[in-house]
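Report on the structure given below.
The values are calculated or read from the model by the stated rules, or taken from the named source; none is laboratory data. Every value quoted in this text rests on a predicted model; they were computed, and no experiment measured them. Backbone-built Cβ (ideal geometry, glycine too); neighbour counts: all protein chains shown.
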Amino acid sequence: AGFWQSQRYLKRDGNLKLKTKVTDALDLTIAFLGVDQEIKLYYYPIGSDEPFKTAWTDERTTGLRLQATGRPGARSTFVWGLDVDRSTFEVQGRRSLTQKAVYFNDQTLLGNWVLNLGLRYDDNSAYGSQLSPSLGLVYNVPLAKTLLRGVITRGFSAPPLSFKYYEEPPLKLANPEIGPERAWVYELGIESHPLPTLWGKLTLFRSNISDVIGIAVVDTIEVPSGNTTVAVPRMRQENFEKEERMGLELELRMRLPLGFTLKAGAAFNDVRNPRNDKAIPNRPIRTYDIGVNYANRAGFRADLIGHYVWWNLPKDFGPKDRRFIWDLNISHQTDIPPVGELKAFLVGHNIFNPQHGWTRLYPQPRRWYEAGLTWEF
């Protein structure tokens, strides 16, 4: 007979941030955050509006951020930080993890050169730990309003608990053995301001990633379809051996009269398996961003932004990408001494309402809005 599925996703988040100047040479920022993500799944027989099965998950995260920025001299700036997160994931029982990270970055001006040194230590109770150094060098070309930069850094990315424990029987499986991704990232770039109204940035990058996370087919099962059955794959997230990513990113910004600014960006990404030099599907290989911004001295601002991604999906996934998704962001900021700055905002997501933005299996959320107030004091 077969079935169809619907999903309800609810996300609530909030944060409270306090920034203060301890001395003329030291700033301190403290932030508290909370995120609650709830998913409800309903399974219906074909031709019926009464679900024969439901599934529910709830993932909650609370976090603390501490950051100190110091300027011990005219040519040196350092940043020290501590991040702590506590997450719980409820599905057929409660699982939890604690993530901690401490980091330090130092920026030193040496004539026309800027040296950036960094070190970060991540410790994750579910996925292990890693020490990640970083090295950056920037050269300011005299009289040319141009910067040349190079960066080498190590990365650590832990998957969500849902990859480890969440299942949608019979087709989506959990993977209790999944681990984090680890990478070395190399970048070379140029940033230039050749005209008062024109700014541009070009970045070349390469990433060598180990234990790459991706969707894998575990096996196939027979499911009813009319008077017969069809074979469908059962899938889960798994770690693969290695992946190489190479490409470039381009950003342009042009200031126009009457407070308008045009923005454009593009990224080209070649993702390959180093063992056989074959392209890896289900990775974004083309990304485009275009937009227009308006701002005036009264504190009003509006941004219209379009985002396009080509995911290089196999035909079996029913790709529906390679189209622009547009968002509109409107805000007004008012300075109220001595109370502080009050900002009101309204955001319209997917304002032109295309049904898909990735694949037919996961429809694009229809047009939706959010609004709010922020107060900085």
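At-a-glance table
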{"read-out": "Criterion (assigned to a strand (DSSP E or B) and modelled with pLDDT under 95) met by exactly one of Pro194, Pro176, Pro133", "value": "Pro194"}
{"read-out": "Hits in the range 87-125 - residues which are more than 21 Å from the chain's Cα centre (by Cα), closer than 30 Å to Thr57 by Cβ and not acidic (Asp, Glu)", "value": "Val91, Gln92, Gly93, Arg94, Arg95, Ser96, Ser125"}
{"read-out": "Qualifying positions in the range 57-73 - surrounded by fewer than 16 Cβ atoms within 10 Å (Cβ to Cβ), farther than 15 Å from Val102 by Cα and in contact with a Leu (Cβ under 8 Å, 6 or more places away or on another chain)", "value": "Thr62, Arg71"}
{"read-out": "All positions within the range 8-41 that are surrounded by 14 or more Cβ atoms within 10 Å (Cβ to Cβ), touching a Phe, Trp or Tyr at 6+ places or on another chain (Cβ under 9 Å) and not acidic (Asp, Glu)", "value": "Gln37, Ile39, Lys40, Leu41"}
{"read-out": "Residue among Val84, Val91, Val35 that is in contact with a helix residue (DSSP H, G or I) (Cβ under 7 Å, 6 or more places away or on another chain), at negative phi and either assigned by TED's automatic domain parsing to the domain that holds Glu187 or not aliphatic (A, V, I, L, M) (or both)", "value": "Val91"}
{"read-out": "Of residues in the range 271-290 being more than 19 Å from the chain's Cα centre (by Cα) and surrounded by 14 or more Cβ atoms within 10 Å (Cβ to Cβ), the one nearest to Lys315 (Cα to Cα)", "value": "Pro281"}
{"read-out": "Matching residues, the range 150-173, being part of a strand (DSSP E or B) and either surrounded by 18 or more Cβ atoms within 10 Å (Cβ to Cβ) or at pLDDT 95 or above (or both)", "value": "Gly150, Val151, Ile152, Thr153, Arg154, Gly155, Phe156, Ser157"}
{"read-out": "Count of residues meeting criterion [at pLDDT 90 or above and more than 21 Å from Phe163 (Cβ to Cβ)] in the range 223-251", "value": "7"}
